[in-house]
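To keep things clear, I will list the structure first and then write my remarks on it.
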Amino acid sequence: MNILAIESSCDETAAAIVANGCNLLSSKVASQIEQHAPYGGVVPEIASRLHMENLAPLTRVVLSDASLSFDSLNAIAVTVMPGLIGALLTGLNFTKGLALSLKLPLIPVHHLRGHVASLYLSENPPSPPFIALIASGGHSLLCRVHSYTNYQVLGCTHDDAAGECFDKVARVLGLSYPGGAELSRLAASGDPSRYKLPRGIVKDNPLDMSFSGLKTAAVNLLHNASQKQENINLPDFAASFEQAVVDTLAPRLIQAACLTGDKTVVCAGGVAANSRLRDTLTRLCDEADLSLHLAPREFCGDNAAMIAAQAYHEFKAGNFAKMSQNAFANSEI
Ligand code: KG4
Ligand code: ZN
């Protein structure tokens with residue numbers, strides 16, 4: 001069962017072919033970071049235009065990389081939500097054309113389910129039910145994955161996403177967009193207890209999160225120091241900030257599992273590439289006797305392999321797109 005998937009929800013154009021939801025045959029990502037970096041963030045129209053240019057060539061590349069022809073495909077999959085609407089529509093319309101001309105079923109995939117499905121590409125894939133922490137540039141949420149296609153949200157951020165918070169603070173530090181990974185590199189040699197930064201707590205639901213207070217406190221600390229011409233130790237600051245994000249994310253995954261009684265937990269999304277988060281989760285899950293699955297680093301960021309992996313399960317559940325299928329900027333998982 002070979003599925004060709006396309007991902008174009010933000011600033012990466014990606015295509016991949018995965019067999020049976022777990023065997024990766026080819027995966028390519030055309031990053032647009034260079035084109036968006038001068039603006040300090042993603043420019044939606046530039047993203048859509050670049051997707052238009054990249055989709056067809058990238059599809060040819062994955063087919064030839066997998067030594068397959070269109071004839072050997074069984075279905076086409078595409079991210080239809082959530083994301084930048086223009087960007088999503090480029091991928092959706094491209095795949096509608098492909099599915100129609102090749103007479104293949106088209107499978108609509110939720111981007112965040114795709115992030116979780118990156119785990120199914122790992123050597124030791126988890127099977128539902130499990131608790132998932134998804135932390136990316138646009139979203140931070142905790143879900144119970146009842147089955148491959150049945151998700152229940154247990155908690156989410158009330159304001160910024162974890163990755164968004166990383167990127168904003170990195171930008172104020174003068175690091176290039178998207179600064180999460182670079183900030184993390186800076187933090188590696190720093191002392192995480194040097195600067196005091198707040199941990200966001202949301203009343204009512206202990207599994208909900210907030211990052212805007214941390215973001216503001218971190219930015220104010222830098223601005224105040226600069227006004228007073230005080231020196232900030234950058235690695236120590238980066239480590240203190242990173243620790244505050246990790247202290248918000250990691251214990252909630254453990255707490256969610258304690259509340260539901262699940263013994264398997266997973267972490268996925270761009271921020272799941274963060275070493276401090278991975279190390280902390282490993283330690284906490286060990287102490288709590290939970291089985292932890294971390295998304296393979298190569299599939300933490302946006303890619304189409306994870307979309308193809310999820311599409312296999314959507315296919316089995318009978319979730320197909322019609323030619324009237326629309327894309328959605330926001331959508332429940
Ligand atoms: O999942 P993703 O590729 O795109 C979205 O769906 O948003 O996540 C991108 C986010 C960015 O905010 C990026 O800065 C962050 O993931 N990120 C990291 C690291 N690598 C990527 N954040 C912290 N530490 C990292 N090592
Ligand atoms: Zn993503």
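The values are calculated or read from the model by the stated rules, or taken from the named source; none is laboratory data. Worth saying up front: this structure is predicted, and the values here are computed from it rather than measured. Methodologically, a virtual Cβ is constructed for each residue, glycine included, from the backbone with ideal geometry; neighbour enumeration extends over all protein chains shown.
Here are a few things to note about the model shown:
- For region 231-246, the candidate set comprises residues that are touching a helix residue (DSSP H, G or I) at 6+ places or on another chain (Cβ under 8 Å) and not aliphatic (A, V, I, L, M); within that set, the residue that is farthest from ALA181 (Cα to Cα) is ASN231.
- Qualifying residue in region 67-74 (condition: within 21 Å of THR90 (Cβ to Cβ), away from ligand 1 (no atom under 16 Å from the Cβ) and not β-branched (Val, Ile, Thr)): yes
- Residue match in region 151-172 (condition: out of contact with any strand residue (DSSP E or B) (no Cβ under 6 Å at 6 or more places or on another chain) and among the hydroxyl-bearing types (Ser, Thr, Tyr)): no
- Only one entry in ILE232, ILE201 is away from ligand 2 (no atom under 16 Å from the Cβ), at pLDDT below 95, of a type outside the set (Lys, Arg) and surrounded by fewer than 19 Cβ atoms within 10 Å (Cβ to Cβ), namely ILE201.
- Unique match (being closer than 19 Å to ALA99 by Cα and among the acidic types (Asp, Glu)) among GLU314, GLU287, GLU332: GLU314
- One residue stands out in region 75-84 among those that are within 15 Å of ligand 1 (Cβ to nearest atom) and either among the hydrophobic types (A, V, I, L, M, F, W, C) or in contact with a strand residue (DSSP E or B) (Cβ under 8 Å, 6 or more places away or on another chain) (or both): the one that is farthest from MET306 (Cα to Cα), namely LEU84.
- Within region 164-190, the set of residues being part of a helix (DSSP H, G or I), farther than 16 Å from SER240 by Cα and within 19 Å of the chain's Cα centre (by Cα) comprises just one member, GLU164.
- Exactly one residue out of ALA132, ALA170 is in contact (Cβ under 8 Å) with a residue 12 or more places away in the chain and either hydroxyl-bearing (Ser, Thr, Tyr) or within 18 Å of ASP11 (Cβ to Cβ) (or both): that is ALA170.
- Selection from region 87-145 of residues that are of a type in the set (Lys, Arg) and within 16 Å of ligand 1 (Cβ to nearest atom): ARG113
- Residues in region 200-222 that are in a helix (DSSP H, G or I) and in contact (Cβ under 8 Å) with a residue 12 or more places away in the chain: SER212, GLY213, LEU214, LYS215, ALA217, ALA218, VAL219, LEU221, LEU222.
- Test result for TYR177, away from ligand 1 (no atom under 16 Å from the Cβ) and buried (at least 17 other Cβ atoms within 10 Å of the Cβ): no
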